[in-house]
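Just below is one structure, and these are the notes that go with it.
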Amino acid sequence: MNRFCCLWPAVIIALAPALSGQEPSPSSSANRAGANQAGKADKAATNNQPDREQERAREDEVEIPLPIVSPRAVPPRTLEPLSARQKAVLMFHNTFYPAAIANRLLVAGFNEWRDNPEEWPSGAGGYGRRLGYRMGTLATRNAIQLAGDTAFHTEPRYDLCACSGVTARTLHAWRRVVTAKKDTGDETIGISKIAGAIVTPWVMHPVLPERFNTAGSKFEAGLGGLGMRGVTNMLREFWPDVARTLRLPPRFGGQQQPDTMRR
């Protein structure tokens, strides 16, 4: 039974864009008694809705061409609140798209090389177990964060600091480990991030060897997850500087962003 506990978060995230429903359209409600042709047009538009929602969720984002799980950042003062559907689509992207899968493949390969955990076999079988555990951990954490961001109306994306100087931007990156922007623009405690990091080990560690199934081990893993978020926040914060130095295209942050990339 424990082997299958990693599957339910993946199913939830995979179905979330459809289960969250489409935002009601004022024009469609006003013309509810309209002709069948309008209904067919609405149906066709609905079929393409996930793609449009995904594009809207990624407007103004800086994409980091590295295999990290959430390889994006958003310049300050450009954050538009995401609907529940957009948050679900974004979390689906952060779980199942190539960058996220590449990250899990690399981490599982590193664990295989280090023979971690040593109780698991090496070779294809052991690598498959380690990859399954890593994908399950990612799906579980993202499912918890999606639920928290939706319930508490918080922003799931990382916002670049509207400040200058290495110290200020570094503090902003680490502050975002435990804080978040609300959909209204105010700041609050990042409950979804904290819960995602702390709760996930309690869900996933039962599939690991017995020595990992202690309260201390699970709590340590949760703190490690928060620490890793701080490291990836630093990468997101300073990546545009690297992109400009490497003269990468604007899509990858190679253009000047207002009030953010000053030294």
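Just so you know, all these numbers are worked out from the coordinates, no wet-lab data involved. Computed from a prediction, not measured in an experiment: that's the story for all the values here. Cβ placement follows ideal geometry from the backbone for every residue including glycine, while neighbour counts extend to all protein chains displayed.
Determine, from the Cβ-Cβ distance of R114 and L246 and an R0 of 35 Å, the FRET efficiency 1/(1 + (r/R0)^6), rounded to the nearest 0.05. Once the sixth-power term is evaluated, E becomes 0.70.
Among the trypsin sites (Lys or Arg not before Pro) in the stretch 105-180, those located in a DSSP loop and surrounded by at most 15 other Cβ atoms within 10 Å of their own Cβ are R114.
Approximating the spin labels as points 7 Å out from Cα along Cα→Cβ, the T184-to-T214 distance works out to 4.5 nm.
Once you sort the root eigenvalues of the Cα gyration tensor of the stretch 143-207 as a ≥ b ≥ c, which label holds: rounded (a/c under 1.5), prolate (a/b larger than b/c) or oblate (the other case)?
Numbers: a/c = 3.43, a/b = 1.62, b/c = 2.12.
In terms of gyration-tensor shape, oblate.
In order along the stretch 159-175, the Karplus-derived 3J(HN,Hα) couplings, from 6.51 cos²θ - 1.76 cosθ + 1.60 at θ = phi - 60°, round to 9, 5, 6, 8, 8, 10, x, 5, 5, 5, 6, 5, 4, 4, 4, 7, 5 Hz, and Gly and Pro are given as x.
For the stretch 92-146, what is the convex hull volume of its Cα atoms per residue in Å³?
68 Å³
Taken about its Cα centre, the stretch 87-147 carries a charge dipole of about 280 debye when Lys and Arg each add +1 at the Cβ and Asp and Glu each add -1 at the Cβ.
Each of G148, T179, Y158 was scored by the projection of its Cα onto the charge dipole of the stretch 111-220, and the greatest displacement toward the positive side belongs to Y158; charges sit on the C-beta of Lys, Arg, Asp and Glu. Modelled this way, with points 7 Å down the Cα-to-C-beta line, the labels at S164 and F152 are 3.4 nm from one another.
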